[in-house]
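Asker: The following block contains the structure, expressed as structure tokens.
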Amino acid sequence: PPPPRPRYVSISGSRSVLLEIADKMVKHNANGYRSVLGTDPERAVLVNPLSFRPAVNLGDLSGNDFEIVLRDLAHPGTGKAPDARHVEAMGRSVAEHGYVNYFGEQRTGDAGSVEDAGGSSYRIGGEILRGKWREAADMLMVGRKIIGGKDLGGDTDSRWTQARAKYREGRYREALELIQNIRNVKSGAEYGVLEHLDKFPGDYEGSIKKGLPYTQYNLFTRAYTSWVWNVMAGEKWARWPGILAGDIVNAKDASNTGNPIFCTQADIDSGRFTADNVLLPMPGFRTIYPDNEMGKWAADFLKEQGVDFGGPGGNYLQGSKGAYRKVLERGHGLKITAVVGREDRGAEETVLFDSGGGVAGGKEGQLYPNLKFNFTLSSGSFATMYLREALRKYEGGWGGVEVAEGAGGEKRKAEDGAAEEGGAAKVAKSE
């Protein structure tokens with residue numbers, strides 16, 4: 001058959017780059033189709049011809065639209081689903097006040113103690129950057145204990161559990177034999193570490209530097225710096241909320257090209273900068289830190305962590321320039337809709353909240369366990385963190401200097417768990 005008409009795509013993020021690579025793989029095929037992943041026709045991915053428009057380039061992505069359905073919502077105390085007034089209150093709160101722009105568990109690793117969650121990515125990355133190679137390998141081989149909400153800690157019969165036990169006994173060859181037939185295992189972190197230690201027992205530094213695939217090494221170290229940012233952000237809004245003199249701000253306005261600078265009291269008084277402009281650094285040798293009490297606290301915290309980001313040499317990340325991330329994320333276009341039934345079967349939907357001013361309804365006293373959230377976030381912000389805040393009902397907000405208890409005080413910090421355990425609380429089952 002003749003090839004289908006090209007679909008026009010522009011590049012704005014890394015996924016688009018992969019799409020362009022896939023397109024180049026099919027250009028030589030006369031009918032415009034080719035299996036990209038695998039040779040099994042029932043599992044292969046087929047790609048249509050694509051034509052790329054140069055108007056948008058890598059790095060131009062400004063945000064992402066989300067549509068997420070949460071089902072079987074229930075209050076942890078009462079066990080009841082939210083009613084219309086509750087939904088409106090939580091929607092209005094996050095839409096008007098925003099939330100702390102934490103990295104989610106997708107970046108930092110599972111939240112919780114080692115006993116509860118296992119070897120989270122940020123813990124492995126922290127040991128790597130301290131040069132504690134044995135500890136890094138040990139943490140990696142602890143493994144994850146919670147995957148997809150399922151507690152795997154008590155699964156003593158799995159090959160992974162047995163292999164981890166063999167590792168602790170120093171029986172690396174037996175550990176490899178237990179997992180070698182697991183799908184895709186040879187491209188994973190554990191296999192590389194075990195394989196190196198089998199050849200060079202006791203060389204834990206080599207097992208990390210040579211045994212870990214680069215992508216895994218990068219994932220762990222970036223998870224750690226993201227966790228550091230989460231801790232700093234939690235501390236910032238618990239003790240020094242809003243915008244203060246000496247904070248770092250994004251100075252992209254008529255008088256500046258966008259480089260981070262220190263905010264002055266005059267900037268605040270004139271309204272030049274607000275809490276929406278406040279940034280915190282991702283550690284690196286070119287990043288600056290707030291020139292106030294928050295900055296002093298950050299310096300002490302990094303010293304306690306035992307990782308030096310001052311310049312090249314010593315560890316892999318010291319050559320990183322670092323980056324900046326805004327503390328306050330507001331998102332926009334939030335709409336919360338009650339869903340009865342399944343969307344693919346003509347579900348009944350009722351809009352309960354619309355930040356755009358649309359008509360919202362809902363019956364008095366009726367409970368709504370299934371909610372659909374539509375919203376847009378800036379590039380790099382996590383939908384899980386937005387949903388976590390949307391599912392809370394509190395007074396006050398993140399945007400002002402005066403922040404009510406429960407929105408920025410010590411009580412709020414304790415409830416978050418984000419600053420202590422990787423920056424993400426569990427959200428309800430989603431689809």
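Asker: At 1.4 Å probe size, what's the solvent-accessible area of L219? Round to the nearest 10 Å².
Answerer: Surface accessible to solvent at L219 totals approximately 80 Å².
Asker: Write out the trypsin sites (Lys or Arg not before Pro) in segment 61-134 meeting two conditions: DSSP loop, and at most 12 other Cβ atoms within 10 Å of their Cβ. List each step's numbers first, then the result.
Answerer: On the way: sites: R71, K80, R85, R92, R107, R123, R130, K132, R134; in loops: R71, K80, R130, K132.
Sparse-neighbourhood loop trypsin sites (Lys or Arg not before Pro): K80.
Asker: Here's another thing I want to ask about it. For a quick check of your reading of the filter: which trypsin sites (Lys or Arg not before Pro) in segment 178-207 sit in a DSSP loop and have no more than 12 other Cβ atoms within 10 Å?
Answerer: R183
Asker: How about segment 232-296: which trypsin sites (Lys or Arg not before Pro) there are in a DSSP loop, with at most 11 other Cβ atoms within 10 Å of their Cβ? Numbers along the way, then the final one.
Answerer: Values: sites: K236, R239, K252, R272, R286, K296; in loops: K252, R272, R286.
Those that pass, being in a loop and sparsely packed, are R286.
Asker: Something else now. If we count every other residue with Cβ under 12 angstrom of P260's Cβ, Lys/Arg +1 and Asp/Glu -1, where does the sum land?
Answerer: Values: positive: K252, R286, R325, K326; negative: D247, D291.
Counting the neighbours of P260, the net charge comes to +2.
Asker: Quick one: which residues, 5 or more positions from G118 or on another chain, have an amide H under 5 Å from its amide H? H modelled 1.01 Å from N in the peptide plane, none for Pro or chain starts.
Answerer: When sequence neighbours closer than 5 places are left aside, the close amide H contacts are K145.
The values are calculated or read from the model by the stated rules, or taken from the named source; none is laboratory data. The structure displayed is predicted, hence computed values, not measured ones. With ideal geometry, Cβ positions are generated from the backbone for all residues, glycine too; neighbour counts draw on all protein chains shown. These area figures cover heavy atoms from the full protein model, side chains too; ligands, DNA and RNA do not enter into them. Shrake-Rupley method; radii C 1.70, N 1.55, O 1.52, S 1.80 Å.
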